[in-house]
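Here is the structure we will look at, set down as structure tokens.
The values are calculated or read from the model by the stated rules, or taken from the named source; none is laboratory data. What you see is a predicted model; the values in this text were computed from it and never measured. Don't worry about glycine lacking a Cβ; one is built from the backbone with ideal geometry, like all the others, and counts go over all protein chains shown. SASA here: full protein model, heavy atoms, side chains in, ligands and nucleic acids out. Shrake-Rupley method; radii C 1.70, N 1.55, O 1.52, S 1.80 Å.
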Amino acid sequence: MLGQKLLFVLEYEGTQALAVWQTRLILSPWTEPDALRVELNGLNLDSVWENIVAELAGVQVQQGSTLDEQIARAKQREKLQKEIAKLEKMAWAEKQPRRKFELMQRISDIKENSK
């Protein structure tokens, strides 16, 4: 199965989702079966596949970078957003002003470095 391009329709308790494997598992949101749609756009099967994966991953295919690179960037962005949310939650719960300031500095450093 390595190297094959497969699109799975997953079903659970009356809802469905689409799943593909492109360097990692990409899963669409769970929706009602009637709302599940896949648009086939492209001039050849490779471009059709890239458009399906890009749609499920929520990335825009840009010139100068591959789909895998863009998926990796989106995953890194998601990881940074989760880390920022965790630090913000810790900062709000912190009672010591110095520690709170340090957490806010870490948040601003992460935001600045991710641009």
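At a glance:
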read-out: For residue 100: the one exception among (1) in contact (Cβ under 8 Å) with a residue 12 or more places away in the chain; (2) more than 30 Å from residue 6 (Cα to Cα); (3) surrounded by 13 or more Cβ atoms within 10 Å (Cβ to Cβ); value: (1)
read-out: Helices (runs of 4 or more DSSP H) fully within the stretch 8-115 counting 3 or more residues that are at pLDDT 90 or above and out of contact with any strand residue (DSSP E or B) (no Cβ under 9 Å at 6 or more places or on another chain); value: 67-93, 97-113
read-out: Test: residue in the stretch 55-76 that is open to solvent by less than 80 Å² (accessible area, probe 1.4 Å), farther than 23 Å from residue 114 by Cα and not hydrophobic (A, V, I, L, M, F, W, C); value: no
read-out: Cross-chain or 6+ apart pairs with Cβ under 6 Å, the stretch 19-47 first and surrounded by 11 or more Cβ atoms within 10 Å (Cβ to Cβ), then at pLDDT below 90 and polar (S, T, N, Q); value: 41/51; 42/51
